[in-house]
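Report on the structure given below.
The values are calculated or read from the model by the stated rules, or taken from the named source; none is laboratory data. Please read all numbers here as calculations on a predicted model, not as lab measurements. Cβ: placed from backbone, ideal geometry, glycine included. Neighbour counts: every protein chain shown.
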Amino acid sequence: MAEKSTTPPIHTIVNLDFYLGEVEKTQTKPIRPPIAKKIRVGLDLGTSSIVLVVLTEDGVPLGLARREASVVKDGLVVDFSGARAISQKLREELEKRLEVKLPQAALAVPPGTGERDKATHGYVGQAAGLEPTGIFDEPLAANLLLGLKDGALADLGGGTTGVAVFRSGKMVLSFDEPTGGYHMSLVIAGNLKIPLERAEAFKLDPKNRPEVAPMIAPVLSKMGQILAQGLKKQNVPSVFLVGGSAMAPGAAQIIAKETGLEVKAAPRSDLITPVGIALACEPFCPQLL
Ligand SMILES: Nc1ncnc2c1ncn2[C@@H]1O[C@H](COP(=O)(O)OP(=O)(O)OP(=O)(O)O)[C@@H](O)[C@H]1O
Ligand SMILES: [Mg+2]
């Protein structure tokens, strides 16, 4: 498997909110890659979903495909054949819609993932027909989009909270703790005495936000404490929230309160890491199907 672990080039998208909106649109309205433009592909194997993103070499969004999945836990692939099957489906779906072959992709793992587990992510990509161009650290990939020079980034995901500190644009610290959106859904299930799947749907329904906010506040406080503890001696001015759980009601306010740091967030924070992974991909010439 071709794996490059060199620091990828930095791409900073100026108007992040607008850009993420454009990325989201390509889920329903994919754009065929312009002839003579190289493309980049990113595969995000997450705890709650698998996401495949296709961009032009310059980062223009072309396609997004996503499927709920429970094949990764705490950053580790726990269901290899499930992860392969879903990744392959997403590849085939986007190939059909974009009318080009997608033979390779960048992948990423949470901070602190061991070499073996990192390799397993690569094998999933490979088995799904997406030869890895590299397997990157998730925060490093996310920061290709954000371009943080000095500050912290927190990925509030489905299963984990990943944290990274950047100084002069270089990642100097990263760690990952197993608290995420899954734990919020568990708390809701317990409070409302409903099954976990219903609790997840309840959490995501915008009209339930006022009821959800107080129930999940303790989980967000715990995430904030994880950040506060890890960033205690780091003297960072701010923390940028990425990951789907950063969209939970009260997330930014509670993290700000627990850490005492300025908090920055983007409306489609769940797309930042998948797009960053695509930006980390070595660009290649698309071939017609
Ligand atoms: N609007 C929302 N309000 C609350 N939670 C949300 C919202 N949107 C998404 N989530 C939660 O975000 C989580 C998914 O986030 P994300 O896609 O970043 O996770 P992941 O990459 O699959 O997980 P991980 O990075 O931990 O492996 C889920 O728990 C989901 O319920
Ligand atoms: Mg993630």
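If I filter the stretch 116-135 for residues that are within 25 Å of Lys233 (Cβ to Cβ) and either within 14 Å of ligand 2 (Cβ to nearest atom) or among the basic types (Lys, Arg) (or both), do I get at least one hit?
No, every residue in the stretch 116-135 fails to be within 25 Å of Lys233 (Cβ to Cβ) and either within 14 Å of ligand 2 (Cβ to nearest atom) or among the basic types (Lys, Arg) (or both).
Could you pull out the residue among Leu52, Leu62 that is within 16 Å of ligand 1 (Cβ to nearest atom) and surrounded by 24 or more Cβ atoms within 10 Å (Cβ to Cβ)? Just one listed residue meets the conditions, Leu52. A search for C-beta distances below 9 Å between a residue of the stretch 263-274 that is touching a residue at least 12 places away in the same chain (Cβ under 8 Å) and any residue that is away from ligand 1 (no atom under 12 Å from the Cβ) and among the acidic types (Asp, Glu), counting only pairs 6+ apart in sequence or on different chains, returns Ala266/Asp17; Pro267/Asp17; Arg268/Asp17; Arg268/Glu24; Leu271/Glu24. Criterion first (assigned to a loop (DSSP other than H, G, I, E, B) and either in the same structural domain as Gln27 (by TED's automatic domain parsing) or more than 16 Å from ligand 2 (Cβ to nearest atom) (or both)) does Asn235 satisfy it? Judged against the criteria, Asn235 is a match. A single entry from Leu62, Leu20 fulfils the requirement of being assigned by TED's automatic domain parsing to the domain that holds Tyr123, of a type outside the set (D, E, K, R) and within 15 Å of the chain's Cα centre (by Cα): Leu20.
Residues in the stretch 157-197 that are among the aliphatic types (A, V, I, L, M), touching a helix residue (DSSP H, G or I) at 6+ places or on another chain (Cβ under 8 Å) and either without any contact (Cβ under 8 Å) to a residue 40 or more places away in the chain or under 16 Å from Gly112 (Cα atoms) (or both): Val163, Ala164, Val165, Met171, Leu173, Leu186, Val187, Ile188, Ala189, Leu192, Ile194, Leu196.
Among residues of the stretch 198-221 that are within 9 Å of ligand 1 (Cβ to nearest atom), those with a beta-carbon under 7 Å from a residue that is assigned to a loop (DSSP other than H, G, I, E, B) at least six positions away or on a different chain give the pairs Arg209/Pro249; Val212/Pro249; Ile216/Ala248. Just one of the listed residues (Ala248, Ala278) is at pLDDT 95 or above, more than 12 Å from ligand 1 (Cβ to nearest atom), aliphatic (A, V, I, L, M) and touching a strand residue (DSSP E or B) at 6+ places or on another chain (Cβ under 9 Å), namely Ala278. Is it true that Asp17 is within 15 Å of ligand 1 (Cβ to nearest atom) and acidic (Asp, Glu)? Taking the combined requirement at face value, the residue does not satisfy it.
For the stretch 67-83, which residues satisfy the criterion of being in contact (Cβ under 8 Å) with a residue 40 or more places away in the chain, in a strand (DSSP E or B) and surrounded by fewer than 24 Cβ atoms within 10 Å (Cβ to Cβ)? Within the stretch 67-83, Lys73, Leu76, Val77 qualify.
Within the stretch 264-275, being at pLDDT below 95 and either within 30 Å of Ala36 (Cβ to Cβ) or in contact with a Ser or Thr (Cβ under 7 Å, 6 or more places away or on another chain) (or both) holds for Lys264, Arg268.
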